[in-house]
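What follows is a set of notes on a single structure, which appears directly below.
The values are calculated or read from the model by the stated rules, or taken from the named source; none is laboratory data. Small disclaimer: the values here were computed from a predicted structure and weren't measured. Cβ coordinates were reconstructed from backbone atoms using ideal geometry, including for glycine residues, and neighbour counts include every protein chain displayed. Each accessible area value is taken on the protein alone, full model and side chains, heavy atoms only, with ligands, DNA and RNA left out. Shrake-Rupley method; radii C 1.70, N 1.55, O 1.52, S 1.80 Å.
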Amino acid sequence: MEEWDEVEVPNNVKDIFVEMKNTAELMVDLAYSAALFREKEIAEEVLELEEYLDILNYNLMVRAVLAARNIKEAEQITSILQMARSIDDISNAAADLAKMVIEEKLHRLITEVIMESEETIGRVMVSPDSYLVGKSLEELDIPTNTGVWVVAIRRGKRWIFDPDEDTKIMPGDIIIGRGTRTALDYLKEIARGIIKVMPNG
């Protein structure tokens, strides 16, 4: 866990809690992606995030204990800690799925279940003449305009996990997105250059 030793953790219970929630959500999305595409590199990222979430959880407990000044506040903080434990359980489940991918112990039934769910994970290849090329995620606002949330981007041999709004889409990028099949198919048509504009374009 050396690389996380000097990580900056939010200063208060609320911000740590939000960071834990966001991290767990990313872990689940990446774990599904790793399982669906048999991507060990994504699976390893899930395990890295698990270490980060453990640090967040520890800091949350410490700050929560220090914040309690009376019985009423202690009772309120207990509910936060219970929710944090639930988030931690979710992250552990995502990590277990990632380990199965790394150890190549994933049963095909798991992949089938992911594929059949209403909201699934998809891989979208960006062609050079796509409307997406050269634009940032903020400009494109893909979730609003297509219903797909960008989980990660593969650029050559490099992965960009949880890309921020300044990340620009480049030709040849492979977008890993979460959404319905209809939404993913629509984004694929934009990415291939079949659809030349976004709805707000």
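Here 55, 87, 42 are screened, and the one residue that is under 17 Å from residue 176 (Cβ atoms), surrounded by 15 or more Cβ atoms within 10 Å (Cβ to Cβ), modelled with pLDDT of 90 or more and of a type in the set (Val, Ile, Thr) is 42.
Residues in the range 128-148: is at least one within 12 Å of the chain's Cα centre (by Cα) and either open to solvent by 20 Å² or more (accessible area, probe 1.4 Å) or at pLDDT below 95 (or both)? Looking through the range 128-148, none of the residues is within 12 Å of the chain's Cα centre (by Cα) and either open to solvent by 20 Å² or more (accessible area, probe 1.4 Å) or at pLDDT below 95 (or both).
The single residue among 189, 165 that is touching a Leu at 6+ places or on another chain (Cβ under 8 Å) and either over 28 Å from residue 40 (Cβ atoms) or hydrophobic (A, V, I, L, M, F, W, C) (or both) turns out to be 165. For the range 105-127, filtered to residues that are free of Cβ contacts under 8 Å to residues at least 60 places away in the same chain and outside any helix (DSSP H, G or I), the residue that is surrounded by the fewest Cβ atoms within 10 Å (Cβ to Cβ) is 105.
Residues of the range 66-84 that are free of Cβ contacts under 8 Å to residues at least 24 places away in the same chain, hydrophobic (A, V, I, L, M, F, W, C), open to solvent by less than 80 Å² (accessible area, probe 1.4 Å) and farther than 15 Å from residue 20 by Cα: 68, 74. Whether a residue is surrounded by fewer than 16 Cβ atoms within 10 Å (Cβ to Cβ) and modelled with pLDDT under 95 was assessed, and residue 63 does not pass this test. Among the residues of the range 135-164 satisfying the criterion of being free of Cβ contacts under 8 Å to residues at least 60 places away in the same chain, of a type outside the set (D, E, K, R) and assigned to a strand (DSSP E or B), which is nearest to residue 21 (Cα to Cα)? Filtering first and then ranking leaves 150.
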